[in-house]
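These notes concern the structure reproduced below.
The values are calculated or read from the model by the stated rules, or taken from the named source; none is laboratory data. All of these numbers come straight from a predicted model, not from anything done at the bench. Cβ sites come from the backbone with ideal geometry, for glycine too, and all protein chains shown count toward neighbours. Just the protein is used for accessible areas: all its heavy atoms, side chains included, with ligands, DNA and RNA removed. Shrake-Rupley method; radii C 1.70, N 1.55, O 1.52, S 1.80 Å.
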Amino acid sequence: MAVADFAVISDIHGNLEALDAVLADIEARETGSGGKRPVLFLGDAAGYGPNPNECIEKIRKVIFHGIAGNHDRAATGQTGISNFNLYAQESIRWTTGILSPENKAFLEGLPLVCQMEEEGLFLVHGSPYEPEKWHYLLYFSQASVNFEHFEEKVCLIGHSHLPFVMERSPSGQLIAYRDGADLDKAGCRYIINAGSVGQPRDGDPRACYLLLSGARAEFVRVSYDIEATQQKMRAAGLPTPLIERLQRGL
Ligand code: ZN
């Protein structure tokens, strides 16, 4: 049993107010041994929100390991946007236009997956199966396939912005948890979606991140100044539906 003390952030989407609130919350929580948790980043620093450069600069400074999301790769031109909806396409074009060369280079350098063998963690934005195709992983049927595509005890994902823990027993039985779970059941393996810092979609508009403490996984919700983010989006001329969804968390 590995897994240790980490804070896991995903899908920030240029929302600086949400990212600042989450980083402050992480900073304020000490581990059992009185230390600070290293931060793991599961992709999508950019897209949708008004502050991609500022968010990437913070992420560059704080993360221990990080991987790319589909919006990061779309903003750099490394992946196409034909499967994005029109609002997402518009926000990606806007993002590409304002990314600094340094931040673009940072996003370009993020890998698609990260294996942390010692800790028993595998990081990927969408799914371990064909990570470059950005599949969503939401159902037990998809999870069953995906458990065959990583070796580690725990796979950490983002992409759908919906936090959950899926547990697979040695016999192949699957259970899902919404609020958190213990990761130390004999022979069990896990797929955990860390939720979204900057654009939650589970009906709770507060920022979401995942706290790993020893063998315990817990989702943390943090309030932030949603109106401040929305105002910046309006000033930037970003699509109205993307602005309004933040206060609904959908
Ligand atoms: Zn995302």
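If I go through the range 41-70 residue by residue, how many of them are in contact with an Asp or Glu (Cβ under 9 Å, 6 or more places away or on another chain), within 18 Å of Leu156 (Cβ to Cβ) and either among the acidic types (Asp, Glu) or open to solvent by less than 10 Å² (accessible area, probe 1.4 Å) (or both)?
Counting residues in the range 41-70 that are in contact with an Asp or Glu (Cβ under 9 Å, 6 or more places away or on another chain), within 18 Å of Leu156 (Cβ to Cβ) and either among the acidic types (Asp, Glu) or open to solvent by less than 10 Å² (accessible area, probe 1.4 Å) (or both) gives 6.
Taking the condition of being in a loop (DSSP other than H, G, I, E, B) and at pLDDT below 95, how many residues in the range 204-236 meet it?
2
Taking the range 202-250, which residues are open to solvent by less than 40 Å² (accessible area, probe 1.4 Å) and either among the small types (Gly, Ala, Ser) or touching a Ser or Thr at 6+ places or on another chain (Cβ under 7 Å) (or both)? Full working, then the answer.
Start the filter on the range 202-250 by keeping residues that are open to solvent by less than 40 Å² (accessible area, probe 1.4 Å), which leaves 204-205, 207-212, 214-215, 217, 219-220, 222, 224, 226, 228-230, 233, 236, 238-239, 242-243, 246, 249.
Those that are open to solvent by less than 40 Å² (accessible area, probe 1.4 Å) and either among the small types (Gly, Ala, Ser) or touching a Ser or Thr at 6+ places or on another chain (Cβ under 7 Å) (or both): Ala207, Cys208, Gly214, Ala215, Ala217, Ala228, Ala236, Leu238, Pro239, Leu242, Leu246, Gly249.
Of Leu23, Leu86, Leu42, which residue is within 25 Å of Lys232 (Cα to Cα) and in contact with a helix residue (DSSP H, G or I) (Cβ under 9 Å, 6 or more places away or on another chain)?
Residue meeting the stated conditions: Leu23.
Show me the strands (runs of 3 or more DSSP E) found entirely inside the range 1-94 where at least 3 residues are within 16 Å of the ligand (Cβ to nearest atom).
So the answer is none; nothing clears 3.
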